[in-house]
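So the structure is just underneath, and the comments pick up after that.
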Amino acid sequence: MPQDVPGEASAAASHEPAGPAPLGVVRTPTGDAGVDAHLDRLADADHLPADGHIEVYEDVHRGLRDALTALDARPAPAPVPAPMPSYDHRS
């Protein structure tokens, strides 16, 4: 009669893939509200199976790319005119 090996039953039952679990990656704020919102969206992938991650990553990538493109599209600040020299008329 075969003898049961401890843990063998639990190993046989664990053939199912593990469910989604947060990776615990810390996202440091950048100081730009728009960029931070896109980076915070990465947390949505923590609750999805692996095949759902690509949609989140592509969305975040698109948002970050748009934020960088917007930086290039902003007009340069207007130059500040140089102050006029002051002349002393008493001489």
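Below are the figures for this structure:
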quantity	calculated
Cα→Cβ-extended label distance, 7 Å offset, between Ala78 and Asp44, nm	4.0
Two-site label geometry, Asp59 and Glu16: point separation in nm, points 7 Å out along Cα→Cβ	2.7
Sorted peptide list for 24-32, 47-55, criterion being average Cβ within 10 angstrom, highest first	47-55, 24-32
Potential extension, Asp51-Ala70 segment - 0.36 nm per residue separation minus Cα distance	3.8 nm
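No value in this document is a laboratory result; all are computed from the given coordinates. Remember, it's a predicted structure, so these values are computed and weren't measured experimentally. As a convention, Cβ positions derive from the backbone with ideal geometry for all residues, glycine included, and neighbour counts pool all protein chains shown.
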